[in-house]
Amino acid sequence: MKLVCSQSDLNTNLSLVSRAVPSRPTHPVLGNVLLIADEDTQKVSLRGFDLSLGIQTSFPAEVSEGGIITLPAKTLGDIISKLPEGEITLAQAQETEEEGENTIITLTSTSGSYKLRSMDAEEFPDLPMVEEGESICLPAQALAEGLKSTIFAASTEETKQVLTGVHVTLGQDAIEFAATDGHRLAVVETPNEESTETVEAGDKLEVTIPARTLRELERILNSRNNSDSVVLQFDESQIVFELGNQRITSRKLEGAYPAYRQLIPQQFGNQINVNRRQFQSALERISVLADSKNNVVRCVIDNENQQLFLSVESQDLGSGRESMSAQITSSNPPEIAFNVKYLMDGLKALSSEEICIHLNAPTQPVIFTPLSGLKMTYLAMPVQLRE
């Protein structure tokens, strides 16, 4: 193998695939990245795979001799990231030692050269393929918006596997994203402007995708042109996203996703319209004093003066109080409390300047919705106040 590529191309693509390389691999070769140099296409492909999440990408290079090798991901990444910009040459040479034959790769840049030992590429597992299943073309911008507004609400508790993902419902005209950890719920609907023959009128396809996979997809989407399309393929066990020369593979999450629509109340006795940025800024200031043990912020709704009051108390640090104007429609507004982190996460995800808060009793779900823009529902369970 022999190739010449730019330091920036190699560094960018290596950083991407390394996110699928496990820090504690179950097999030594999984701590490596697979590098494929193709003389016909004049491209280099890189692959990382932890047997659950796989990322593959390719970029142009001057390939004079093709070949396949694996190199230690962390070591290679540390070297490449510190090399100066410019051309890098990767060349393969065989060295014979007492133990047998080892492949040595030489990296040469304008500043110096390095030698790395390669492991047998045949030991590196293939990425799963979806031979028979669904294949759908999705608009990248709608996908990016849906992920940004839901991933944060997915559970991090591995005991509830299905809740560690985002549930995606694909309809003919819209894509619905939903994520919940049992304490909060984010539901977003984005338009599906791509024409597809797979999703017929009245038909829906549903799949639950690990949040970790979708964070990597979101990272790629944010670095690309949002006018692009994304091809989603899935069968009973695997999911594949294809974005031009980049591919992400992942296992699906098994099990029935909760019937989250049933959790959203349909009628409310209280409504508050408030400026989202003002509300968010007040929470960011006051959260500094929130007790780390309970992280609770109290909300008092003053219907008469059209004011919303926020307060926190910490036995060790002190207390804080904020107020802001709001449009309140209420007959008997309750005093209510929230986990301040859940409240701040939801406000960051809501896209409009003005938001609407719907609530009933202090122990019932509270709904936050934007007054314009993306169609989103954020549900947060209040914290029960102790007198």
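The values are calculated or read from the model by the stated rules, or taken from the named source; none is laboratory data. Keep in mind that this is a model prediction, so the values were computed, not measured. Here the Cβ is made from the backbone with ideal geometry for all residues, glycine too, and neighbour counts use every protein chain on show. Protein only, heavy atoms only, side chains kept; ligands, DNA and RNA dropped before computing areas. Shrake-Rupley method; radii C 1.70, N 1.55, O 1.52, S 1.80 Å.
Side notes on the structure shown:
- Taking segment 186-198 as the range and being modelled with pLDDT of 55 or more and open to solvent by less than 90 Å² (accessible area, probe 1.4 Å) as the test, the residues that pass are A186, V187, V188, E189, T190, P191, N192, E194.
- When S292 is tested against (1) over 28 Å from the mean Cα position of the chain (by Cα); (2) modelled with pLDDT under 90; (3) hydroxyl-bearing (S, T, Y), only condition (1) is not met.
- Inter-residue pairs, beta-carbon under 9 Å, first closer than 17 Å to G31 by Cα and in segment 56-77, second among the acidic types (D, E) and open to solvent by 20 Å² or more (accessible area, probe 1.4 Å), 6+ apart: I68/E122; T70/D120; T70/E123
- Count - residues of segment 370-387 that are touching a Cys at 6+ places or on another chain (Cβ under 9 Å) and assigned to a strand (DSSP E or B): 1
- Qualifying positions in segment 285-301 - open to solvent by 60 Å² or more (accessible area, probe 1.4 Å) and either more than 22 Å from C356 (Cβ to Cβ) or part of a helix (DSSP H, G or I) (or both): R285, V288, S292, K293, N294
- In segment 1-37, the residues that are in a loop (DSSP other than H, G, I, E, B), out of contact with any strand residue (DSSP E or B) (no Cβ under 8 Å at 6 or more places or on another chain) and buried (at least 16 other Cβ atoms within 10 Å of the Cβ): P22
- Inside segment 168-185, residues that are closer than 17 Å to A140 by Cα, touching a Pro at 6+ places or on another chain (Cβ under 9 Å) and either modelled with pLDDT of 95 or more or in a helix (DSSP H, G or I) (or both) make up a count of 0.
- Residues of segment 102-142 classified as assigned to a helix (DSSP H, G or I) and touching a residue at least 60 places away in the same chain (Cβ under 8 Å), total: 4
- Filtered residues of segment 332-369 (kept if assigned to a strand (DSSP E or B), in contact with a helix residue (DSSP H, G or I) (Cβ under 8 Å, 6 or more places away or on another chain) and open to solvent by 20 Å² or more (accessible area, probe 1.4 Å)): E354
- Of residues in segment 48-92 being part of a strand (DSSP E or B), open to solvent by 50 Å² or more (accessible area, probe 1.4 Å) and not acidic (D, E), the one nearest to K252 (Cα to Cα): I68
- Conditions (1) modelled with pLDDT of 90 or more; (2) buried (at least 19 other Cβ atoms within 10 Å of the Cβ); (3) part of a loop (DSSP other than H, G, I, E, B); number of the one not met by E157: (2)
- Within segment 114-137, restricting attention to residues that are open to solvent by 30 Å² or more (accessible area, probe 1.4 Å) and more than 30 Å from the chain's Cα centre (by Cα), the residue that is nearest to L83 (Cα to Cα) is Y114.
- Scanning segment 108-125 for residues that are out of contact with any helix residue (DSSP H, G or I) (no Cβ under 8 Å at 6 or more places or on another chain), among the hydrophobic types (A, V, I, L, M, F, W, C) and at pLDDT below 95 turns up at least one hit.
- Out of L379, L359, L385, sole residue that is at pLDDT 90 or above, more than 30 Å from L143 (Cβ to Cβ) and touching a strand residue (DSSP E or B) at 6+ places or on another chain (Cβ under 6 Å): L359
- Some residue of segment 272-285 being in contact with a Gly (Cβ under 6 Å, 6 or more places away or on another chain), closer than 20 Å to M381 by Cβ and not acidic (D, E): no
- Selection from segment 302-331 of residues that are hydrophobic (A, V, I, L, M, F, W, C), open to solvent by 20 Å² or more (accessible area, probe 1.4 Å) and not in a loop (DSSP other than H, G, I, E, B): F309
- Annotation note: Cβ proximity below 8 Å between a residue of segment 306-322 that is at pLDDT 85 or above and a residue that is part of a loop (DSSP other than H, G, I, E, B) (sequence gap 6+ or interchain) occurs for Q306/A326; Q307/A326; L308/A326; V312/A290; V312/D291; E313/D291.
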